[in-house]
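Participant: Provided herewith is a single structure, encoded as structure tokens, for subsequent inquiry.
The values are calculated or read from the model by the stated rules, or taken from the named source; none is laboratory data. Bear in mind the structure is a predicted one, so any value in this text is a computation, not a measurement. Don't worry about glycine lacking a Cβ; one is built from the backbone with ideal geometry, like all the others, and counts go over all protein chains shown.
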Amino acid sequence: VIDARQPAMGPVSIEGFYDEAFAVPGMLGCIREADRDGADAHIIACFDDTGLDAARAVAKAPVIGIGEAGFHLASLVAARFAVVTTLGVS
């Protein structure tokens, strides 16, 4: 079962460090709620893994960022890989 959650507070999109700072508190609240509801794991579905370390610090269950997971998989199937993004800050 996938229980997708999105914080009620924070920016509509994360376009850099400023937006990231405002996105993390709401995300951590969602993770705490999901832990209370018995989540087996958490996946941060944000390309640059916003708040990943903070989430791992507060979560009872494992936390995976889709960026980190994608980079690990790419390193297993190729000697080199590139990341193409719309913003240099990402």
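Participant: Can you name the residue in region 68-82 that is out of contact with any helix residue (DSSP H, G or I) (no Cβ under 8 Å at 6 or more places or on another chain) and under 25 Å from residue 16 (Cβ atoms) and, of all such residues, is modelled with the lowest pLDDT?
Facilitator: Of everything passing the filter in region 68-82, 82 is modelled with the lowest pLDDT.
Participant: Next question, about the same structure. Kindly provide the set of residues from region 10-32 that are modelled with pLDDT under 90 and either of a type outside the set (Val, Ile, Thr) or surrounded by 15 or more Cβ atoms within 10 Å (Cβ to Cβ) (or both), ordered by number.
Facilitator: If the condition is that a residue be modelled with pLDDT under 90 and either of a type outside the set (Val, Ile, Thr) or surrounded by 15 or more Cβ atoms within 10 Å (Cβ to Cβ) (or both), then 13, 14, 15, 16, 17 are the ones that fit.
Participant: Of a type in the set (A, V, I, L, M) and either in contact with a Phe, Trp or Tyr (Cβ under 8 Å, 6 or more places away or on another chain) or over 25 Å from residue 84 (Cα atoms) (or both), is that true of residue 21?
Facilitator: Taking the combined requirement at face value, the residue does not satisfy it.
Participant: While we're here: Specify the residue that is nearest to the chain's Cα centre (by Cα); the eligible residues are those in region 40-50 that are surrounded by 13 or more Cβ atoms within 10 Å (Cβ to Cβ) and modelled with pLDDT of 95 or more.
Facilitator: 44
Participant: Give me the residue from region 58-84 that is surrounded by 11 or more Cβ atoms within 10 Å (Cβ to Cβ) and over 16 Å from the mean Cα position of the chain (by Cα) and, out of that set, farthest from residue 34 (Cα to Cα).
Facilitator: Per the criteria, the residue is 81.
Participant: Kindly list, by first and then second residue, each pair from a residue in region 15-31 that is under 15 Å from residue 53 (Cα atoms) to a residue that is crowded, with 16+ Cβ neighbours inside 10 Å and polar (S, T, N, Q), limited to pairs with Cβ atoms under 9 Å and residues at least 6 apart or on different chains.
Facilitator: 20/50; 23/50; 24/50; 27/50
Participant: Right, another one. In region 1-32, which residues are among the basic types (Lys, Arg) and either touching a strand residue (DSSP E or B) at 6+ places or on another chain (Cβ under 9 Å) or not in a helix (DSSP H, G or I) (or both)?
Facilitator: The one that is among the basic types (Lys, Arg) and either touching a strand residue (DSSP E or B) at 6+ places or on another chain (Cβ under 9 Å) or not in a helix (DSSP H, G or I) (or both): 5.
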